[in-house]
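J.: Just dropping this structure here.
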Amino acid sequence: MKKEFLGMPLFDFLFIGALCLVGILFGSFFDWQISSNIVNQGTLMGKIVEGFGIFFSAVMINLSTVMFFKGLRANRLLGLKILGYVLLLTGFVVSAYVVKSYITEEKIVNLLYAVHFSKMISYVIGFTISFFFMAIPLLFIKSDNKEYLIRAAIAIILTMLGQYLLIHFIKRLDCRPRYRFLVDSSFNTNNEVFRNWWEFKPFAFDDDGHKSWPSGHTATAAVSLLLPLAAPVLRYPFKHSKQVLFLIGLASIILIAFFRIYHGAHFLSDVSFGCLFTLLLALLWVYLSDKLFRKKKSLLTENLS
């Protein structure tokens, strides 16, 4: 059995998957008790994670579009060159908008639970963060291995899109109330009670207070597990680069997951499932993108120079 896909060790996926399953197991029995004992909604860090925790989407969107750009710009086909520039610009704008949407005061949930700014300031911050995380891979990702760059970019962007669509669809199916909604009588006017993650109420609610399972912030942060895909194309490689990038991704997930629980936004099972869903999607797309370009004389490979 092959132990790596695109240079990503299968053990890494299995290790994170095991952690997720442990979290799901404990959460399924003790979600309410855990949150009741640790939630503190008034912390600044909790508000920062609520607003800026989604910035990992900007990091990974920008990384993937830079990889696409560097893999396509030297192509002999003009259409593919143009596509590279279009993807680069699109990634820049989309990542900026995503960051902006989680910190703008236009959203009531941001006013209540996140650090927030005016619409204009939010755009300035969003585009600044996007520019920064676009500039870093542009400077430090080399374009020698164009085929690999495109493979890695496909895996990252499809994982990002897949987890976003899947998580938001499942939230509507489950409609699980958040801990902070349940304990706030000004919002929980119908005296709703705690529900386990498997107790679905499909499409019963459409407000943010009923979008607990699974955790979108954690699912997005989990895309950073694909950071090691950048290791083989670093302009200035360093010792144990894959391991370091993997640990950065893992640390970001743990940080986001903890503060989503601590801030009352999610239960343990919510963050565990969010990470697990993204992990499975990442494994799928890394595997498929590894297979996609296996034939060295594919049409795309022949046109890369």
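Each value in this text was obtained by applying a stated rule to the coordinates, not by laboratory testing. Because the structure is a prediction, the values reported are computed rather than measured. Using ideal geometry, Cβ is built from the backbone for each residue, glycine included, and neighbour counts are taken over all protein chains shown.
J.: Sort the following peptides by mean Cβ neighbour count (other Cβ atoms within 10 Å, averaged over residues), highest first: 29-40, 51-62. Don't skip to the end; give the middle numbers.
T.: Working: 29-40: 14.9, 51-62: 23.7.
For the peptides 29-40, 51-62, the packing ranking is 51-62, 29-40.
J.: Can you return the aspartates and glutamates within cross-link range of LYS81? Criterion is Cα-Cα under 19 Å, with same-chain partners fewer than 8 residues away left out.
T.: Within the straight-line cut-off, LYS81 pairs with ASP144, GLU147, GLU302.
J.: If I stretch the segment between LEU83 and THR189 completely, what's the gain in nm (0.36 nm per residue apart, minus their alpha carbon distance), one decimal?
T.: So the extension gain works out to 33.1 nm.
J.: Let me ask another. Summing -39500 (n - 2.57) over the DSSP H runs of n ≥ 4 in the chain and dividing by its residue number, what mean residue ellipticity at 222 nm do you reach, to the nearest 500 deg cm²/dmol?
T.: -22000 deg cm²/dmol
J.: Which order do PHE259, PHE133, PHE15 fall in if you start with the one that has the fewest other Cβ atoms within 10 Å?
T.: By the 10 Å Cβ count, ascending, the order reads PHE15, PHE259, PHE133.
J.: Quick check on segment 187-295: what are the equivalent-ellipsoid semi-axes from the Cα gyration tensor, as sqrt(5λ), descending, whole Å?
T.: Output for segment 187-295: semi-axes of 35, 17, 9 Å.
J.: What are the residues whose amide H is under 5 Å from the amide H of ILE141, where those residues sit 5 or more places off or on another chain and H is modelled from the backbone?
T.: Residues meeting the amide H criterion: ARG235.
J.: Give or take rounding to whole Å, what are the principal axis extents of the alpha carbon atoms in segment 92-192, in descending order?
T.: Its Cα atoms span 60, 33, 16 Å along the three principal axes.
J.: Report ³J(HN,Hα) in whole Hz for each residue of segment 3-20, in order, from the Karplus equation J = 6.51 cos²θ - 1.76 cosθ + 1.60 where θ = phi - 60°; Gly and Pro get x.
T.: Listing the rounded values in order: 9, 9, 10, 6, x, 8, x, 4, 4, 4, 4, 5, 5, 5, x, 5, 4, 4 Hz.
J.: Could you give the length gained by full extension between GLU105 and PHE169, i.e. 0.36 nm per residue of separation minus their alpha carbon distance, to one decimal place?
T.: 20.5 nm
J.: With a point put 7 Å past each Cα toward its Cβ, work out how far LEU10 is from ARG73 in nm, to one decimal.
T.: 3.7 nm
J.: Output needed: percent of Cα pairs per 5 Å distance bin for segment 16-98, bins running from 0 to the one holding the longest distance.
T.: Going out from 0 Å in 5 Å bins, segment 16-98 shows 3, 13, 12, 11, 13, 12, 10, 9, 8, 6, 3, 1, 0 percent.
J.: Once the piece of chain linking VAL115 and ASN40 is laid out straight, how much longer is it, given 0.36 nm per residue of separation minus the C-alpha distance between them?
T.: 25.4 nm
J.: Still on this structure: Using θ = phi - 60° and the Karplus relation 6.51 cos²θ - 1.76 cosθ + 1.60, list the HN-Hα couplings for segment 194-207 in order, rounded to whole Hz, with x at every Gly or Pro.
T.: 4, 10, 5, 5, 8, 8, 6, 9, x, 6, 6, 9, 9, 9
J.: Then there is this: Could you give the nm distance between label points at THR90 and VAL124, where each point is 7 Å from its Cα heading toward the beta carbon?
T.: 3.0 nm
J.: For the chain, what D do you get in µm² per second when you plug the Kirkwood radius from alpha-carbon pairs into Stokes-Einstein at 25 °C and 0.890 mPa s?
T.: Values: Rh = 20.1 Å.
Translational D for this selection: 122 µm²/s.
J.: Using 22 Å as the Cα-Cα cut-off, could you pick out the over-long pairs in LYS70/LYS119; LYS47/LYS107; LYS70/LYS100; LYS142/LYS239?
T.: Those over the limit are LYS70/LYS119; LYS70/LYS100.
J.: Sorted from largest down, what three extents in whole angstroms do the Cα atoms of segment 164-211 have along their principal axes?
T.: 31, 18, 16
J.: Could I ask something else about it? Return the FRET efficiency for the residue pair ASN196, ILE254: r is the Cβ-Cβ distance, R0 is 22 Å, and the value is rounded to the nearest 0.05.
T.: Numbers: r = 24 Å, r/R0 = 1.07.
The computed FRET efficiency comes out at 0.40.
J.: Another one. Any idea which of TYR97, MET45, VAL193 is furthest toward the positive side of the dipole for the chain, if Lys and Arg beta-carbons carry +1 and Asp and Glu beta-carbons -1?
T.: Going by the Cα projections, it comes out as TYR97.
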